[in-house]
Amino acid sequence: MTSVTPEPISRRARPAKAPLSREAIVRAGLAILDRDGLDALTMRRVAKELDTGPASLYVYVANRDDLMAAMLDEALARVPLTSEGTWRERLHTLVAATVEAMSRHEGLAAVALGAIPTGANALLVIDRMLALLKEGGLDDVTAAWAVDLLHMYSAAAAAEQSAYNTKGGKEEVAVADADRHYAALPADRYPMITALRPALFAPGDRDTWALDVLLSGILQTPAR
């Protein structure tokens, strides 16, 4: 029986690769991050995902840090800029949506903690926050300082939530574990923790409370 050697496939017959772009690189980075985790996100791995060489990526992104910043800004595109409710209610909604968007992808909230927002979507969020703070009656400098504080709070809250997501657990489980640990502490060494343990682990909407504390303090403390 005569064997037939398959003819080589011409390169022209292969499906054309999608053109490389900053947007395509960001999408590939997010896919790797969500599928394989932060440690797997390297420029070499992104290049492999896009069927290209690592050097070709540097035409569009400066380095891994630049890529992470672009991925964070892409995540923030999910934040809706709602127009319903009082200025304070809208600010609560905006902050909650910002926290949720940043916490969806491992490691991105930490990027927000370490940089001044410059991405197009991040700037939309900041611009909206400033508009709401001005609507609340703040002077220009206090509004400017307040938006910085709210940005840091959002990033920190997102980093905490992302840590729970990454570990595959729930906040309720972590709280229950900590409660059991605190219950075993010696009262003579940690008298206040022991006495206030029920309050420390009492259920409640702490996120709303925390933001209300910040807003109330901001309203009562003009920048000097």
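The values are calculated or read from the model by the stated rules, or taken from the named source; none is laboratory data. Please read these numbers as outputs of a predicted model, since none were measured by experiment. A quick note on method: Cβ atoms are made from the backbone with ideal geometry, for glycine too, and the neighbour counts reach across all protein chains shown. Areas reflect the complete protein model, heavy atoms only, side chains present, ligands, DNA and RNA absent. Shrake-Rupley method; radii C 1.70, N 1.55, O 1.52, S 1.80 Å.
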Val111 - would you say it is open to solvent by less than 40 Å² (accessible area, probe 1.4 Å) and within 30 Å of Ile32 (Cβ to Cβ)?
yes
When the range 193-224 is checked residue by residue, the ones that are touching a Ser or Thr at 6+ places or on another chain (Cβ under 8 Å) and part of a helix (DSSP H, G or I) are Ile218
Please verify whether Asn63 is exposed (fewer than 13 other Cβ atoms within 10 Å of the Cβ), farther than 19 Å from Ala143 by Cβ and among the polar types (S, T, N, Q), treating the condition exactly as stated.
yes
Test: residue in the range 188-209 that is closer than 25 Å to Leu138 by Cβ, surrounded by 13 or more Cβ atoms within 10 Å (Cβ to Cβ) and not aromatic (Phe, Trp, Tyr):
yes
Cβ pairs under 6 Å, 6+ apart, first in the range 34-46 and over 19 Å from Met102 (Cβ atoms), second assigned to a helix (DSSP H, G or I) and among the basic types (Lys, Arg)
Met43/Arg64
Working only within the range 111-140, note down all residues that are closer than 16 Å to Val99 by Cβ and part of a loop (DSSP other than H, G, I, E, B).
Pro117
If you check Leu185 against the conditions, is it surrounded by 12 or more Cβ atoms within 10 Å (Cβ to Cβ), without any contact (Cβ under 8 Å) to a residue 40 or more places away in the chain and hydrophobic (A, V, I, L, M, F, W, C)?
yes
Those residues of the range 142-162 which are within 22 Å of Glu106 (Cα to Cα) and open to solvent by less than 40 Å² (accessible area, probe 1.4 Å) amount to Leu150, His151, Ser154, Ala155, Ala157, Ala158, Ala159, Ser162
Any idea which of Ala109, Ala75 is at negative phi and at pLDDT 95 or above?
Ala75
Going through the range 50-74 in order, the residues found to be farther than 18 Å from His105 by Cβ and assigned to a helix (DSSP H, G or I) are Pro54, Ala55, Ser56, Leu57
